[in-house]
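The values are calculated or read from the model by the stated rules, or taken from the named source; none is laboratory data. Here the structure is a predicted model, which means the values were calculated and not measured. Backbone-built Cβ (ideal geometry, glycine too); neighbour counts: all protein chains shown. Each accessible area value is taken on the protein alone, full model and side chains, heavy atoms only, with ligands, DNA and RNA left out. Shrake-Rupley method; radii C 1.70, N 1.55, O 1.52, S 1.80 Å.
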Amino acid sequence: MEPRWKGKGLKDKALAEPVSKIVSQLQSSLIQSDAHGLLAGCSVLIEVESEQTDLLDRACFGGRIITAEKDKDLFRLGLEEAFYLCHSLKCLKIVGGDNCSKNDVELWQCMISKKSTFPDFYKAYSHLRMKNWVVKSGSNYGVDFVAYRHHPSLVHSEYAVLVLSEGEGEVNGRLRLWSDLHCTTRVSRGVVKTLLVLKINKNGNGTASPSYLEKYTVVERTVTRWHPEQCREDHMIVEKRTKELEAPVKASLKTKFIQNHDVKLKQGLVGTIRNLSLVRVSLFFVSIFLIVSCCLMDCLN
């Protein structure tokens, strides 16, 4: 499926500022400012300056919270977004309710306690983010995530993403029934998205530490609906194909007919000319015979 840009010239704008470049700028800015986030429930709050607000928005991390502060802005990050900035990009430190900074293992365990499916969901999220896809919540479309080629203001999302776990019980119980599969693919098609299923295989590794993430594997599968009418031969299509196949044959036969007709016509003209020549010769001899006969008659008289 081709990307659906939201306006003319937006594709060129996206190519001029790739997501990877914006994320790199955000990473550098957060490292320089020694940014800290506060773990609050199932989200992380981060206070940033106006420059970082712009970078967070352009890189599509979290959502801005309107406050009375003029110099600084407050952003709410999802668990996967916050851990990606902390663990993968190493540009954010997160503190808990005790105001103490948490290391990766402590933060990992804390997030699992808040969301049991976090290891699978984070692996899927980071898998797409590392491929420079913009990943946002897919709750509006009945899926886990939606993936954008660039900022949502420039282009529509291309994939509706479901996260499944391979080799053990499904993490979210999705696609177990045919009815769920049909409904999900129908909804995805209705909003012009391709259903992307990411199967996470832990390969026998547990969830005790984020270091196991490197041993997890991700299998990507796209699912589309089968339309019976697209596989049936339409009468008009068959007739059109028949005409297309018959056209070269008819043209070839017409060419051969013209060639044969020309040959026969030439042969007929040659025969006619020969016959006329014979008639002229015969008339010549008849004329001579008549002249001689007339002379003999005059002599006898």
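A few notes on this one:
- Screening S43 against (1) open to solvent by less than 60 Å² (accessible area, probe 1.4 Å); (2) farther than 22 Å from W133 by Cα leaves a single unmet condition, (2).
- Taking region 70-86 as the range and being touching a residue at least 12 places away in the same chain (Cβ under 8 Å) and open to solvent by 40 Å² or more (accessible area, probe 1.4 Å) as the test, the residues that pass are D71, K72, L74, R76.
- Yes/no for D180 being among the acidic types (D, E), modelled with pLDDT under 90 and open to solvent by less than 60 Å² (accessible area, probe 1.4 Å): yes
- A Cβ distance below 6 Å, combined with a sequence gap of six or more or placement on separate chains, defines the contacts here; from region 122-145, residues that are within 25 Å of E17 (Cβ to Cβ) reach residues that are at pLDDT 95 or above and of a type in the set (K, R) in the pairs V135/R129.
- With respect to the stated conditions, S153 fails to be open to solvent by 40 Å² or more (accessible area, probe 1.4 Å), within 22 Å of the chain's Cα centre (by Cα) and within 20 Å of L39 (Cα to Cα).
- Across region 105-113, not a single residue is classified as in contact (Cβ under 8 Å) with a residue 40 or more places away in the chain and among the acidic types (D, E).
- For A16, the criteria (1) in contact with a strand residue (DSSP E or B) (Cβ under 8 Å, 6 or more places away or on another chain); (2) under 25 Å from Y148 (Cα atoms) hold in every case but one, which is (1).
- Test: residue in region 17-35 that is β-branched (V, I, T), open to solvent by 20 Å² or more (accessible area, probe 1.4 Å) and in contact with a Lys or Arg (Cβ under 6 Å, 6 or more places away or on another chain): no
- Only strands (runs of 3 or more DSSP E) whose full extent lies in region 126-208 are considered here, and the ones with at least 1 residues that are among the small types (G, A, S) and within 19 Å of K115 (Cβ to Cβ) are 134-137, 159-166.
- Region 130-145: number of residues that are open to solvent by less than 40 Å² (accessible area, probe 1.4 Å) and within 17 Å of A14 (Cβ to Cβ): 2
- Any chance L56 is within 26 Å of N99 (Cβ to Cβ), buried (at least 16 other Cβ atoms within 10 Å of the Cβ) and touching a residue at least 40 places away in the same chain (Cβ under 8 Å): no
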